[in-house]
Amino acid sequence: MAFETLPATAPRLARPAIGSATLSVVVALYLLFVTNGTFWGKAVTYLGLPSFGLILLCIGLTALFTALCVTVSVKYLTKPLFIFLVTSAATASWFMDKYGTIIDLDMIRNAAETTGSEAGHLVTAGFLTHMTVFALVPSVVIALVRIRHRPIAQKVFWNLVVILPCLAVFTAAALANVRTFAATIRQHRDLVETLNPVTPIASVARYLKASGAEKNIVAQPLGTDAHVIAPTVSGKPRVTIIVAGETARADDFSLGGYSRLTNPELSRQDISYFKETSSCGTATAVSLPCMFSVYTRGEYTHEKGLETENLVDVLTHAGIKAEWWDNNTGSKAIANRIAYTSFSDRNDPRFCINHECRDDVLLAGLDAWLDAVKSDSVLVLHQIGSHGPSYFQRYPDAFRRFTPDCRTSELGNCSRGEIVNAYDNTVLYTDHVLSTIIDKLKNRENRMAGSMIYMSDHGESLGEHGLYLHGAPYFIAPSQQTHIPFVLWLGREAKAGIEQSCVAGKTGEPKSHDNLFHTVLGMMNVATRVYDPALDVLSSCRTGAAS
Ligand SMILES: [Zn+2]
């Protein structure tokens, strides 16, 4: 803006001038046709090429984008607003076009709650090049040109001369083929969800509105009647380790039939593997609070999750010591009322680089914690697991078994085979971490009744349907993002009173995150009004239970 007010005596740059309406049209066309590759790809698929619908969509959206850009072309606001729109659209187009990401409310929430080191992996050379070409260069052009604004009364008149016909064209185009558009939008909600930068900006606005309201939410008590029905027969404390996994997809677990041996250690343990388990969401910020909540996926909302105490609180009400160890981006408010340790905050150089740690950091302190157990206890270990795109940083060299593995967070620089190799090494490492936890519990069977339950928070796309990473809206999420591994290990005493053949018979049944809350209460022998035996995967297998 300073360029506009240079004194007449200053050497003037020969800056090209452009009318505000003309610039608005150029920006509208740039946004609609340069940063909307994913949207137009979907439009062509859903409407057909060539098709009457597609032509009308082009005309209608051009008119709408032009009307919107002209509307905001107000003196002093034009440049910053256009630069903001171009930069937002360029950022969103990178993730949409490259990874198939849809930037909805949950994705923005997940991004806002992620750590700097995790987000840093997404700032690759490819991303910076993309931003230079599609955001920086057009922004510099917008900043440098001289915009001719008419006097205000004339401007209002001429802007309306552009805006009103544009809105009329948009309406006419929509109405000309209203049935096709209505049916397409209803059937393919992802089409609207990829319109750039409309959806990303609307999602950020919705997030800001929701997060402002959430600040005042206080969790209401849940299960305050909870109590342990009876101590163990031997009098030893019950200890359950809940491993909240990260980004592990069931498709790559050999326990579930994957052709590569990614679970060599767990397959030697006496575990139950539930093959058909689905997640509550496709991103940590949704799935994690949902897993620990009393609500089923059908009932759960982000607000309900915050408004109500969760599994770890109910355990506390029952007099059980509950603790949370985090090697990820935090507990998403689940552990707000219990002892909490963040290992990425500690940044122990033996396991961590720049506040990002391998999961052996969770194992390092486990012996001491287990040796200190005196009473019934539950420890939640929140892994980094298989979180991408830097899969190669999740496992040490000893677990670099599938090679060549992708050694960069720039997935575009690796072949699909290299990406899958790196990902499978992360699964191999999680297999080792889980098996080590089981061994540590087994070694202490003389002084505690141990068990372990593991569920991943969501899965991951590794190029299927052109998608990478996770966080797709649930209604269109591919199974790779929602089909998750679920492992249960019961120690000698935890197993007593449970029909093993009955449990084996249940491992092929559909299970989900809905089961975590109630299964853990059952494992810890807790009675409360909020316990639902129908959702406890073990309840009908307890001896004496009606199956
Ligand atoms: Zn996650």
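Quick note: the coordinates plus some simple rules give every number you see, no bench work behind them. This is a predicted model, so every value here is computed, not measured. Note that each Cβ is placed from the backbone with ideal geometry, even for glycine, and that neighbours are counted across all protein chains shown.
Beta-bridge orientation, the chain: approximately 35 percent antiparallel, per DSSP, counting only bridges with both partners inside.
Note on the range 209-321: the alpha carbon radius of gyration divided by the globular reference 2.2 N^0.38 Å gives 1.36. When cysteine pairs in the chain are screened for C-beta atoms closer than 4.7 angstrom, the residues that find no partner are 58, 69, 166. Peptide packing for 181-188, 330-337 was compared via the average number of neighbouring C-beta atoms within 10 Å per residue; ordered from the highest value, the list is 330-337, 181-188.
Computed over the Cα atoms of the range 9-112, pair by distinct pair, the Kirkwood hydrodynamic radius stands at 15.8 angstrom. Only lysines eight or more places from residue 275 in sequence, or on another chain, were considered; those with a Cα closer than 22 Å are 495, 506, 511. Look at the alpha carbon pairs under 8 Å that are at least 6 residues apart: their mean separation over the length of the range 37-169 gives a relative contact order of 43 percent.
Each peptide in 385-392, 68-75, 486-493 receives the mean, over its residues, of other Cβ atoms within 10 Å, and ordering these scores from highest gives 385-392, 486-493, 68-75.
Based on the reciprocal of the average 1/r between different C-alpha atoms, the Kirkwood radius for the chain equals 26.0 Å.
Measuring nothing but alpha carbons in the range 93-176 and taking Rh as the Kirkwood radius, the Rg to Rh ratio lands at 1.15. For the range 320-359, the fraction of C-alpha pairs more than 17 angstrom apart is 31%.
Ranked by the mean number of other Cβ atoms within 10 Å of their residues, highest first, the peptides 413-425, 342-354 come out as 413-425, 342-354.
Put a plus charge on the Cβ of each Lys and Arg, a minus charge on the Cβ of each Asp and Glu, and nothing anywhere else: the dipole of the chain about its Cα centre is then about 1700 debye. Quick one: compute the contact order of the chain, relative version, from alpha carbon pairs under 8 angstrom and 6+ residues apart, as a percent. The value is 20 percent. The alpha-carbon atoms of the range 115-219 define a convex hull whose volume equals 244 cubic angstrom per residue.
Listed by chain and number, the lysines whose alpha-carbon sits under 23 Å from that of residue 79, ignoring those within fewer than 8 places in the same chain, are 155.
Give the value in nm², to one decimal: projected area of the alpha carbon convex hull of the range 268-412, averaged over all directions. With the hull built on Cα positions only, its mean projection is 11.6 nm².
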